[in-house]
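Everything below concerns the one structure shown next.
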Amino acid sequence: MVMKKSLNILFLAAEATPFIKVGGLADVAGSLPGALRNLPPSEINGLGLDVRLTIPFYGIIQSSNFTLEPLLNFMIPIQGGETAVSAYQCINNGVPVYFIGSEIISKSENVYSSNGEQDREKFILFTIAALELARLLGWKVDVIHANDWHTALALYLIKTRQTNKFYNNTSGILTVHNLPYMGGDGQIIFHKYEIHGLNDIALPTWARNQMLPMGLWAADAIVAVSKTYADEIKTPEYGCGLHGFLKCISSKITGIVNGLDLKQWDPFLDPKLFKKFNAENLENRKKNKIFLLESLTLMKDITIPLICMVTRINYQKGVDTSIRALHLLLELPWNFVLLGSGDPYIEAELNQFQAEYPDRVRILLKYDDEMSRQIYAGADILLMPSRYEPCGLSQMIAMRYGCVPVVHNTGGLKDTVTNNETGFVFEGSEPELQAAAIRKALTVYAMQREWEQIQRNGMVKDFSWSRSALGYDAIYRSLVADKSSGGNT
């Protein structure tokens, strides 16, 4: 009998750095598998974690400079025939990464598109092929870790397809990064790939053919990306019509805050900053502010607080409420810069804001990694008034770079920002409440010693992925132990 050397974790995601990035999911999938593999083996059985990441082989990856090796070619059954799939591999920071390619995946120009049916088929095929790849490799999977609707179907398939015994002893965990995005009705594509929909009154009728609810139904464990969001999704306000179901399976749900890649986000090492600094040398940080003010063509007066937002521009992020809040504080000294893009109506409102106050407002409607880092390192206050925020990364990055966050008391913002200690927290989405919190921040900013203490508190806070990885490790081991003992999660 071959002795087991590790727990095998198949990590499925739609995107992952450094290969392809659209949103925060890419940061998670690009960092968490490595952090998990780097954890010490269990003291109980000596088993470490063999985590392998699988993502779609998008055309943009194919045309990149990554060195990938061909792995396997195989066929996936569809109604009336088969479709060809190719698999490639590489090692990234010690993590084996598999890429699933097909004509359907390649023809999609973007990771996510406005064509819902095309996206559904792309991710359904990817998920089926990822499961088949592990079987063909003979790599016995202990836990499948799916992320959001794109890969949630994997858990449903291993639970309901009894023809293949390979996954009989495999557990499933689903991380929910953003509950409202459920995948849409997949019945047409399900029929093509011979997948039977869910028929369980535990779920609302409308949810039984949507991939995220199907994955939630099948999961042995569900992780929301903050403890507060884990509670919020069980309420009518944040549960998107699934709150009743989620409340019934509450014992399966936990929350683990996402982490940061501390090597990537380090103001003492960041090559894109004008001047590197740390918590012990905040004087150097002021030089970044001067540099930023110059590049924004704002008055070079570092005594005037510089308020910033680095964000997607949409309803969720609450940018519209910040415009209204700042209008309530026009009598106070401040400048404002926003970097981001998104909803054209809110973008127009932002442009109007800049037109009204050209001496103190700068709106940069684009994605720019270098500029974002310079803003984090030079601005004084970050606004995050999100109406809901499952986790959020900007507030953690900002704190690490000495930019003090002012945030709405929701989701991961509540779990990562401590009022009056590492930032300022306000209740509710009303602009007046946000304005009061900004006013408080501006008051403290005028007291240099108190302000620098808040900066330092945030800069030394532990947002490492190793902290988050420990939480997932405990869940993996619990699921495997439960499966071994014949229990039901």
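The values are calculated or read from the model by the stated rules, or taken from the named source; none is laboratory data. As the structure is a computational prediction, the values presented were derived from the model and not from experiment. Glycine gets a Cβ as well: all are built from the backbone with ideal geometry, and neighbour counts include every protein chain shown.
Residue check: is Asn73 assigned to a loop (DSSP other than H, G, I, E, B) and loosely packed, with under 14 Cβ neighbours inside 10 Å?
no
Kindly provide the set of residues from segment 252-264 that are surrounded by fewer than 19 Cβ atoms within 10 Å (Cβ to Cβ), modelled with pLDDT of 95 or more and outside any helix (DSSP H, G or I), ordered by number.
Thr254, the sole residue that qualifies.
Hey, can you tell me all the residues within segment 158-177 that are buried (at least 20 other Cβ atoms within 10 Å of the Cβ) and in a loop (DSSP other than H, G, I, E, B)?
The answer is Thr170, His177.
Listed here are the residues, each with its yes/no results for (1) among the aromatic types (Phe, Trp, Tyr); (2) touching an Asp or Glu at 6+ places or on another chain (Cβ under 7 Å).
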{"residue": "Met371", "(1), (2)": "no, no"}
{"residue": "Gln395", "(1), (2)": "no, no"}
{"residue": "Arg400", "(1), (2)": "no, no"}
{"residue": "Thr410", "(1), (2)": "no, yes"}
{"residue": "Phe426", "(1), (2)": "yes, no"}
{"residue": "Gln434", "(1), (2)": "no, no"}
{"residue": "Lys440", "(1), (2)": "no, no"}
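Which residue is surrounded by the fewest Cβ atoms within 10 Å (Cβ to Cβ), if the candidates are limited to segment 361-375 and must be modelled with pLDDT of 95 or more and touching a Lys or Arg at 6+ places or on another chain (Cβ under 8 Å)?
Step by step, filter segment 361-375, then rank; the result is Glu370.
Report those helices (runs of 4 or more DSSP H) wholly inside segment 273-361 carrying at least 1 residues which are farther than 25 Å from Phe426 by Cβ and assigned by TED's automatic domain parsing to the domain that holds Ala398.
282-295, 344-356
Keeping to segment 227-251, report how many residues are in contact with an Asp or Glu (Cβ under 7 Å, 6 or more places away or on another chain) and surrounded by fewer than 18 Cβ atoms within 10 Å (Cβ to Cβ).
1
Residue check: is Ile60 surrounded by 15 or more Cβ atoms within 10 Å (Cβ to Cβ) and of a type in the set (Val, Ile, Thr)?
It is false that Ile60 is surrounded by 15 or more Cβ atoms within 10 Å (Cβ to Cβ) and of a type in the set (Val, Ile, Thr).
I need the full set of residues from segment 199-226 which are within 25 Å of the chain's Cα centre (by Cα), farther than 14 Å from Lys159 by Cβ and in a helix (DSSP H, G or I), in order please.
Ala207, Leu212
With the requirement that a residue be free of Cβ contacts under 8 Å to residues at least 40 places away in the same chain, farther than 15 Å from Leu12 by Cα and among the polar types (S, T, N, Q), what does segment 77-101 give you?
Ser86
Within segment 192-204, track down each residue that is closer than 14 Å to Leu125 by Cα and surrounded by 13 or more Cβ atoms within 10 Å (Cβ to Cβ). Steps first, please.
Here is the first cut: in segment 192-204, the residues closer than 14 Å to Leu125 by Cα are 192-195.
Selection gives Lys192, Tyr193, Ile195.
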